[in-house]
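The values are calculated or read from the model by the stated rules, or taken from the named source; none is laboratory data. Worth saying up front: this structure is predicted, and the values here are computed from it rather than measured. All Cβ positions, even for glycine, are placed from backbone atoms using ideal geometry, and neighbour counts span all protein chains on display.
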Amino acid sequence: MNSKGRFGIHGGQYIPETLMNAMLELETAYRKYKDDPDFNRELTELLNEYAGRPSRLYYAQRMTRDLGGAKIYLKREDLNHTGAHKINNVLGQILLAKRMGKTRVIAETGAGQHGVATATAAAMMGMECEIFMGREDCQRQALNVYRMRLLGAKVHPVDAGTATLKDAVSETFREWTSRIEDTHYLLGSVMGPAPFPEIVRDFQAVISREIRDQLQAKEGRLPDAVVACVGGGSNAIGAFYHFIPENGVRLIGCEAAGRGIDTLDTAATINTGRLGIFHGMKSYFCQDEYGQIAPVYSISAGLDYPGIGPEHAYLHDIGRAEYVAVTDDEAVRAFEYLSRMEGIIPAIESAHAVAHAMRLAPEMSKDQILVVNISGRGDKDCAAIARYRGEDLYE
Amino acid sequence: MSELAKAFDHGKAFIPFLTCGDPSLETTERLVIAMERAGADLIELGIPFSDPTAEGPVIQAANIRALSGHVTTDKIFAMVRSLRQKVKIPLVFMTYANVVFSYGSERFISTCRDIGVDGLILPDIPFEEKQEFDGFCRQYEVELISMIAPTSKERISRIAAEASGFVYCVSSLGVTGTRASITTDVAAMVELVKKAKEIPCAVGFGISTPEQAARMARCADGVIVGSAIVKLCAQYGEGCVPHVEKYVADMKKAIR
């Protein structure tokens, strides 16, 4: 009875009829190119020469010693060109879009990292680019708005709803229904209608493939746990994917609890949401008793989303991955901790994963290995974190 | 014959849309009565949703106004139950999948039958996903309305073959809202539907003036108007009823 693109009961293609042929076209193109040698050669070339892959797997010696438990490795997605893991998926999808004959890409963005990556790749490919970003996020991430404009993209602030990531996604879907022929919606996370969750996962899976190979070279074994932050869940699924069949590897996603999962100011979907249908997929969503989507909150614009990708919902259902909640306060402390301890300023999103690693590592033994995915760098967050600490950098 | 089919018995059907609870459920009730009196053939009752992705700014704003007035699915059901004693006109709900799913699809759809709602339009449920709702719709004799769009092309005959009630023909790309002109060859879309199944076709999205309505009615069995009516509700608030009644009468006259 379930349609295609399912992860257990989750996923599917809950979209207006107007977009159905575009989704089918995307699916056909993806099936055609995903194992095509020329396509993959071109993608690998771009990932290596343009984005700077493979990203480093760095042994965090001081952090390991300080926490006194598991050996901690940081997967340095923050070192990629444009400063986050988002570029992995963007390069894959933009090559796909080009092969589909599209000349224009549109995308949503929360923290601005996906918008910047999309604008970057569009500039490199000579494609037209328009980014939709909640007005609230445009203010929180003004630097990224400027970067996108500098890269030649048009940025549309979205005033609808809560003026954050979910509204940016809605608005990008609306834009896509009005102009499909020459336009690819370059969706930035493992969410939305099929085949997006699968496409984005496959392009992000390079993260876990590298972790596996790099750790094999350094330690000759698999990690005991992999920790990553989860909004829609693209960096997490990328970091988890090749370890899913390895039952000895604990997979832990860190959701944004905002001011706490017992408050309304939270974005922790698995911890506070329930099953629903929204943004093209069946999954868990923060919503009220009548199915109205909740106005979620997190200090992190990139995790400030009321849903989670369908594959994560499935991994939760079957107990293969754990999803824990991390508050603003814990994330900010982790942001500061990693900066001082290792000289690495993580994105506030990634700081949610660091915060959980700080809880988990001391509970693990010294011969165990914990990998933390540093999905992005934190330069973009400095002004907001300073503000959180009561300091206004621009005054 | 189903209640919905009767909507197409009085010449070309005029199908107005309104958002329940904008500006209040009491006004919604008066609007439905006035629309029936003005010659509407079927009414689409929008159940507001927080994130209506198929709607343009006008209906998005109506959804927000309704929800900020604390309208809920249960309050709308109660309003329609009482309204049903006063009007005969066929009624369909237009809402988003999560509103139905979250209520419990069977509970929602069986309640539709209990209170006299004849059909359901879910713009985020395409042909491939309809099974999940259509089973209950058939069980409780509530017609799940199929939509076709200018991009549907070869999908039209498959969708039409399984359609019930009427086929909702989306006139243009994009979201709901008034448009200066409609360039899609709607007649060709309707023809493809009729080739697959003898079922009424109603055209919606972008229609606001009597001239547009008359032109669309020439190639279809009915015309759906939403944003233009919702604009009147926004403009006149509680006092919108006579304005909407006159508008509906003028539109029905234009397509008759």
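One line per residue, one yes/no per condition, for (1) small (Gly, Ala, Ser); (2) closer than 28 Å to residue A:310 by Cβ:
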site: A:142; (1), (2): yes, no
site: A:153; (1), (2): yes, no
site: A:159; (1), (2): no, no
site: A:168; (1), (2): yes, yes
site: A:191; (1), (2): no, yes
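Output the strands (runs of 3 or more DSSP E) that fall wholly within segment A:189-301 and possess 2 or more residues being more than 14 Å from chain B (Cβ to nearest Cβ) and buried (at least 20 other Cβ atoms within 10 Å of the Cβ), or say none.
Counting at least 2 such residues, we get A:225-230, A:250-258.
Only one of (1) touching a Cys at 6+ places or on another chain (Cβ under 6 Å); (2) under 26 Å from residue B:206 (Cα atoms); (3) crowded, with 23+ Cβ neighbours inside 10 Å fails for residue A:153. Which number is that?
Of everything listed in (1) touching a Cys at 6+ places or on another chain (Cβ under 6 Å); (2) under 26 Å from residue B:206 (Cα atoms); (3) crowded, with 23+ Cβ neighbours inside 10 Å, residue A:153 misses just condition (2).
Can you tell me how many residues in segment A:2-21 are touching a residue at least 24 places away in the same chain (Cβ under 8 Å), of a type in the set (D, E, K, R) and not in a loop (DSSP other than H, G, I, E, B)?
1
Which is among the aliphatic types (A, V, I, L, M), under 27 Å from residue A:358 (Cα atoms), buried (at least 23 other Cβ atoms within 10 Å of the Cβ) and modelled with pLDDT under 95, of A:84, A:111? First the steps, then the outcome.
Values: A:84 fails: modelled with pLDDT under 95.
Only one candidate qualifies: A:111.
May I ask you to list pairs of residues, at least six apart or on different chains, whose Cβ atoms are under 8 Å apart, with the first in segment A:152-172 being within 11 Å of another protein chain (Cβ to nearest Cβ) and the second being of a type in the set (S, T, N, Q) and assigned to a loop (DSSP other than H, G, I, E, B)?
A:161/B:50; A:170/B:53
Checking the structure you have, find out if any residue of segment A:96-106 is more than 17 Å from residue A:196 (Cβ to Cβ) and aliphatic (A, V, I, L, M).
No, every residue in segment A:96-106 fails to be more than 17 Å from residue A:196 (Cβ to Cβ) and aliphatic (A, V, I, L, M).
Basic (Lys, Arg), under 23 Å from residue B:65 (Cβ atoms) and away from every other protein chain (no Cβ under 14 Å): is that true of residue B:30 in this structure?
Yes, satisfied.
Which one is surrounded by the fewest Cβ atoms within 10 Å (Cβ to Cβ) among residues in segment A:14-56 that are among the hydroxyl-bearing types (Ser, Thr, Tyr) and within 14 Å of another protein chain (Cβ to nearest Cβ)?
Looking at residues that are among the hydroxyl-bearing types (Ser, Thr, Tyr) and within 14 Å of another protein chain (Cβ to nearest Cβ), I get A:28.
Which one of these is over 19 Å from residue A:307 (Cα atoms) and not acidic (Asp, Glu): A:261, A:211, A:252?
On inspection, the qualifying residue turns out to be A:211.
Determine which single condition residue A:325 fails, assuming it passes every other condition in (1) closer than 24 Å to residue A:64 by Cβ; (2) out of contact with any Gly (no Cβ under 6 Å at 6 or more places or on another chain).
Condition (1) is where residue A:325 drops out.
Applying the selection to segment B:18-36, what residues are surrounded by fewer than 24 Cβ atoms within 10 Å (Cβ to Cβ) and in contact (Cβ under 8 Å) with a residue 60 or more places away in the chain?
Hits for segment B:18-36 are B:23, B:24, B:27, B:30, B:34.
With the condition kept exactly as written, say whether any residue in segment B:172-189 is without any contact (Cβ under 8 Å) to a residue 40 or more places away in the chain and under 26 Å from residue B:113 (Cα atoms). Explain how you work it out, then say what you get.
Taking segment B:172-189 first, the residues without any contact (Cβ under 8 Å) to a residue 40 or more places away in the chain are B:172-173, B:179-188.
From the residues that got through so far, the ones that are under 26 Å from residue B:113 (Cα atoms) too are none.
No, because not a single residue in segment B:172-189 is without any contact (Cβ under 8 Å) to a residue 40 or more places away in the chain and under 26 Å from residue B:113 (Cα atoms).
Just to be sure, is residue A:123 closer than 23 Å to residue A:345 by Cβ and either touching a Gly at 6+ places or on another chain (Cβ under 9 Å) or modelled with pLDDT of 95 or more (or both)?
When the stated conditions are applied, residue A:123 does not pass them.
When only residues in segment A:34-78 that are outside any loop (DSSP other than H, G, I, E, B) and touching a Lys or Arg at 6+ places or on another chain (Cβ under 6 Å) count, which is farthest from residue A:341 (Cα to Cα)?
Taking the candidates together, the pick is A:47.
Can you name the condition, by its number, that residue A:332 falls short on among (1) part of a helix (DSSP H, G or I); (2) in contact with a strand residue (DSSP E or B) (Cβ under 6 Å, 6 or more places away or on another chain)?
Of (1) part of a helix (DSSP H, G or I); (2) in contact with a strand residue (DSSP E or B) (Cβ under 6 Å, 6 or more places away or on another chain), only one is false for residue A:332: (2).
For (1) hydroxyl-bearing (Ser, Thr, Tyr); (2) in contact with a strand residue (DSSP E or B) (Cβ under 6 Å, 6 or more places away or on another chain); (3) over 26 Å from residue A:356 (Cα atoms), each residue gets a yes or a no:
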| site | (1), (2), (3) |
| --- | --- |
| A:16 | no, no, yes |
| A:25 | no, no, yes |
| A:28 | yes, no, yes |
| A:33 | yes, no, yes |
| A:41 | no, no, yes |
| A:46 | no, no, yes |
| A:54 | no, no, no |
| A:58 | yes, yes, no |
| A:64 | yes, yes, no |
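If I filter segment B:141-164 down to residues being more than 18 Å from residue A:14 (Cα to Cα) and free of Cβ contacts under 8 Å to residues at least 24 places away in the same chain, which single residue comes out as nearest to the other protein chains (Cβ to nearest Cβ)?
B:153
Tell me which residues, restricted to segment B:168-183, are within 11 Å of another protein chain (Cβ to nearest Cβ) and either more than 22 Å from residue A:170 (Cβ to Cβ) or among the acidic types (Asp, Glu) (or both).
Selection gives B:169 alone.
Please work out which one of (1) closer than 25 Å to residue A:374 by Cα; (2) of a type in the set (Val, Ile, Thr); (3) in a strand (DSSP E or B) is the condition residue A:106 fails and give its number.
That leaves (1) as the condition not met.
Select from segment B:103-140 the residues that are touching a strand residue (DSSP E or B) at 6+ places or on another chain (Cβ under 6 Å), facing chain A (nearest Cβ under 9 Å) and without any contact (Cβ under 8 Å) to a residue 40 or more places away in the chain and write down the one among them that is surrounded by the most Cβ atoms within 10 Å (Cβ to Cβ).
For segment B:103-140, the residue satisfying everything is B:129.
What tally of residues in segment A:158-188 results from selecting those that are within 18 Å of residue B:55 (Cβ to Cβ) and assigned to a helix (DSSP H, G or I)?
13
Being without any contact (Cβ under 8 Å) to a residue 40 or more places away in the chain and either out of contact with any Gly (no Cβ under 7 Å at 6 or more places or on another chain) or within 8 Å of chain A (Cβ to nearest Cβ) (or both) is the filter here; which residues of segment B:81-102 pass it?
B:81, B:85, B:97, B:100, B:101, B:102
Return a yes/no flag: does segment B:164-182 have any residue that is over 20 Å from residue B:58 (Cα atoms), at pLDDT below 95 and surrounded by fewer than 16 Cβ atoms within 10 Å (Cβ to Cβ).
Looking for residues that are over 20 Å from residue B:58 (Cα atoms), at pLDDT below 95 and surrounded by fewer than 16 Cβ atoms within 10 Å (Cβ to Cβ), one finds none in segment B:164-182, hence no.
Tell me, which residue of segment A:3-13 that is more than 7 Å from chain B (Cβ to nearest Cβ) and modelled with pLDDT under 95 is farthest from the chain's Cα centre (by Cα)?
Of everything passing the filter in segment A:3-13, A:4 is farthest from the chain's Cα centre (by Cα).
Among the residues of segment A:123-144, is any outside any loop (DSSP other than H, G, I, E, B), assigned by TED's automatic domain parsing to the domain that holds residue A:297 and touching a His at 6+ places or on another chain (Cβ under 7 Å)? Step through it out loud before you land on a result.
Of segment A:123-144, the ones outside any loop (DSSP other than H, G, I, E, B) are A:123-125, A:128-140, A:142-144.
Pick out the ones that are also assigned by TED's automatic domain parsing to the domain that holds residue A:297 and you get none.
For segment A:123-144, residues outside any loop (DSSP other than H, G, I, E, B), assigned by TED's automatic domain parsing to the domain that holds residue A:297 and touching a His at 6+ places or on another chain (Cβ under 7 Å): absent.
What pairs come out if I take residues in segment A:184-211 that are in contact (Cβ under 8 Å) with a residue 60 or more places away in the chain and under 17 Å from residue A:40 (Cβ atoms) and pair them with residues that are in a helix (DSSP H, G or I) and aromatic (Phe, Trp, Tyr) whose C-beta lies under 6 Å away, six or more apart or interchain?
Listed by first residue and then by second, the contacts come to A:199/A:30.
I'd like the full set of residues that are aromatic (Phe, Trp, Tyr) and in contact with a Leu (Cβ under 7 Å, 6 or more places away or on another chain), limited to segment A:140-179.
Going residue by residue through segment A:140-179, those that are aromatic (Phe, Trp, Tyr) are A:146, A:173, A:176.
Within segment A:140-179, just A:176 meets the criteria.
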